[in-house]
Amino acid sequence: MNARRGTDDGLTLVEMIVTVALTSVVLMFIGGLFISTFLAERIVSSSSVAASEAQVTVRSIGERVSSSSGLQLTAPTAGDQLLVVRSAGRDATITWVCNAWYYSGAEGVLYSTQTPAGTIIDAPSSTELGDWAVALSGVTPTDPAGIFGGAGDEVTIAFRIATDGAPPVDISTAVTRPDVASGEIPGGSACF
């Protein structure tokens, strides 16, 4: 009664174990690729967002400096900086406004504010900072002198901005304001 079975009786236990092991290795490899791709996309996305936010802020500062009739850069306390410009507004008729950017070295935050021309802007106190907008956070200078620099009619902006899980992004640019004769301030209202 020992009838011979055919050659196509199914898989042996050893064949099943080998199949499961090979399938597991292939799936782990595919899973590793998926995770690596996901992490790389997250790093690139984080760097892109940080760079975009920083570029928008730097572009805004550059537009205001390049349309300014005067500027003042001060370092009120160690690690802090205040850049104040008197610039033409964006209306159809020229109106002058005061723009300021305050870098708090202790916080690593760049703040901004805008007031009507004729309003003197000084370095804000910690309570006055509540009235200023946060332009960027996670900022550190790439130059020991601070994030703002330059001489004469040129303003340099150089800083490093932190990203979420990615290497920090360095931003650096220089902006030249128009050639305005010393003491000649169109419109007559000062900001500093």
Subject >> Candidates 92, 135, 100: whichever shows maximal mean-square fluctuation once the chain is modelled as a Gaussian network with Cα springs under 10 Å >> reply: 92
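Gain in length, residue 137 to residue 189, computed as 0.36 nm per residue apart minus the alpha-carbon separation, to one decimal in nm? Spell out each step's value before the answer.
Values: separation 52, 0.36 × 52 = 18.72 nm, distance 3.14 nm.
That pair, residue 137 and residue 189, stretches by 15.6 nm at full extension.
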Subject >> Spin-label pair residue 151/residue 59, simplified geometry with 7 Å Cα→Cβ offset, distance in nm >> reply: 3.2
Original post:
What angle do you read, to the nearest 10 degrees and between 0 and 90, between the alpha-carbon axis of helix 13-66 and the longest principal axis of the chain?
Top reply: 10
**OP:** Would you grab the residues whose amide H sits under 5 Å from the one on residue 150? Only those 5+ places off in sequence or on another chain, please, with H modelled 1.01 Å from N.
**Re:** 156
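What value, in deg cm²/dmol to 500, does the helix sum -39500 (n - 2.57) over DSSP H runs of n ≥ 4 give at 222 nm once divided by the residues of the chain?
Numbers: 1 runs with 54 residues, N = 192.
Rounded to the nearest 500, it is -10500 deg cm²/dmol.
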Original post:
Hey, with R₀ at 22 Å, roughly what FRET efficiency would residue 40 and residue 162 work out to, going by the Cβ-Cβ distance, to 0.05?
Top reply: 0.70
Original post:
Going by the alpha-carbon gyration tensor, a ≥ b ≥ c the square roots of its eigenvalues, is the chain rounded (a/c under 1.5) or, if a/c is not under 1.5, prolate (a/b greater than b/c) versus oblate?
Top reply: prolate
**OP:** Place the peptides 138-145, 54-61 in order of packing, highest mean first, counting for every residue the other Cβ atoms within 10 Å and averaging per peptide.
**Re:** 54-61, 138-145
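How do the peptides 155-167, 26-38 rank, highest first, by the average count of neighbouring beta carbon atoms within 10 Å per residue? Don't jump to the answer; show the numbers that get you there.
On the way: 155-167: 17.8, 26-38: 10.0.
The most tightly packed comes first, giving 155-167, 26-38.
No lab work stands behind these numbers, since they all come straight from the coordinates. Fair warning: this is a prediction, and the values are worked out from it, not measured in the lab. Here the Cβ is made from the backbone with ideal geometry for all residues, glycine too, and neighbour counts use every protein chain on show.
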